[in-house]
Amino acid sequence: MSANAQVFISYATPDRAAAESVRTALENAGVSCWIATRDIEPGTDFPATIVEALNAARVLVLILTDHAVASPNVVREIEYAFNARKSLVPFRLSQVALSDELAYYLSPTQWLDAADGCTAENLQRLVDATSGCLAGRTLPIHKGPPRRHVGLIAGLVAGVIAVLLAVAGVSWWNRPKPPAATSTVIPAPVPATTPNLALSIQRTWLNPQDGQEYIRIPPGTFTMGCSPADDQCSDDEKPAHPVRIDRGFWLGRTEVTVAAYRAYAAKHGLKAPAGADNLPITRRTWAEAKKFCEDVGGRLPTEAEWEYAARAGSTQAYSGVLAEAAWYGDEARATPHPVKTKAQNAFGLWDMLGNVSEWVLDRYYNRYDLEAPATGPNVEEPRASNASAVIRGGFWSSNAASLRFSHRVEMDPGAADPIIGFRCANDHP
């Protein structure tokens, strides 16, 4: 691992081959690089390793494609580099419309068009541009890619950027510039509200009301429902449709544990649940799960929020190596496993798939209603006497098909089943 690499290469997993071509070209030119596929060692803390590499780097090279725009991990890396005043060099491999988040971070930066791919000529241009940044040369700003317009915020951000760039003496955040970073592009405009840099770095929060750790899930857009080429989809996973998560939210990193629920039971004079502290709590109805989350200052996640968080940027039907991420197919055990014993997903969440299924907020319908709200206070809940609820994620003895990201199960909200648990969302600032 190159612990003090000059360049951090940011890319989405489907663009790995292009990222490796860029790394090879830069390192052949004597520029040290950090790239996740090579430099994250097995068993290390993924988010902490990313932050360490970004702090050490002076330039971030972005492999800019549709995959990158759709990846929450890429957006977080760009956001962190932007806030740390690193030089950003987007290497655009296809005509791509930027999301609002990336449009904001990339508007004031140099970018390189490489529509014909990683040719020798394009890679040399990238090497020259990156070397220029490292040498302290200010690069010209070109008109960047168009945005993907998803609402009024896009126009507002564009207006703020245009106005602030025209104003002399642009102010910066009240925070010292890292000594290793030399800005080689025109300074970025100050956002209307100073971001919470601690959240940009850690994105974790210990809720004092339930003693559980939560992680920040950023806003973004994803396709909910059947994944491309998934031939196992049921009708209730259709139609696949874009969903915009307008506001970031906090989500429990694990399912609510027996320990957390035992403390809640003691507070409210309820019977204490049995089981080891680190097991997920089960045998709770939808209403009981909802009440717990509300009592600790939160709520159940909506079905759209749950799938967005479970996918963590993936457009595939399954998590990468399913056995590494989920307990499933374990007929003999017939009981939940302790939390945090499988790999985290890209958002830093454990057990989104397998172990126990999870209640979500929404009422179940056998096809998605594209007009119904997917987030916010108007999501329909299973309150009617004939209404069904939804559980997600499969459980310890599910087959693999039940652990697809889009898989849904209709469930009586009054069920208190040993295969069902839950995790809480929170709108804490």
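Derivation of every value follows stated rules applied to the coordinates shown; laboratory data play no part. Keep in mind that what you see is a predicted model, and the values were worked out from it rather than measured. Because the Cβ atoms are built from the backbone with ideal geometry, glycine has one as well, and the counts that use them run over all protein chains shown.
What the table shows:
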| item | result |
| --- | --- |
| Selection from MET411, LEU361, GLY211 lying farthest towards where the dipole of segment 203-426 points positive, charges on Cβ | GLY211 |
| Two-decimal log10 I(q)/I(0) for segment 237-290, as the Debye equation yields it once each C-alpha is a single scatterer, q = 0.16, 0.24 Å⁻¹ | -0.64, -0.97 |
| Exceeding the 28 Å Cα-Cα cut-off - candidates LYS267/LYS342; LYS291/LYS340; LYS86/LYS342 | LYS267/LYS342; LYS86/LYS342 |
| Neighbourhood charge, 13 Å Cβ-Cβ cut-off, centred on ARG23 and excluding it, Lys, Arg +1 and Asp, Glu -1 | -2 |
| Those trypsin sites (Lys or Arg not before Pro) in segment 372-404 that DSSP places in a loop and that have at most 16 other beta carbons within 10 Å | ARG383 |
| Prolate/oblate/rounded call for segment 203-426, Cα gyration tensor, a/c under 1.5 rounded | rounded |
| Förster radius 45 Å - calculated FRET efficiency between ASN28 and GLU380 (Cβ-Cβ, nearest 0.05) | 0.20 |
| Computed over segment 241-371, the ratio Rg/Rh where both radii use C-alpha atoms and Rh is Kirkwood | 0.97 |
| Distance in nm between pseudo-label sites at ALA387 and LYS271 (7 Å out along the Cβ direction from Cα) | 2.8 nm |
| Set of aspartates and glutamates with alpha-carbon distance to LYS238 below 19 Å, sequence-local pairs under 8 removed | ASP230, GLU303, GLU305, GLU307, ASP362, ASP369, GLU371, GLU380, GLU410 |
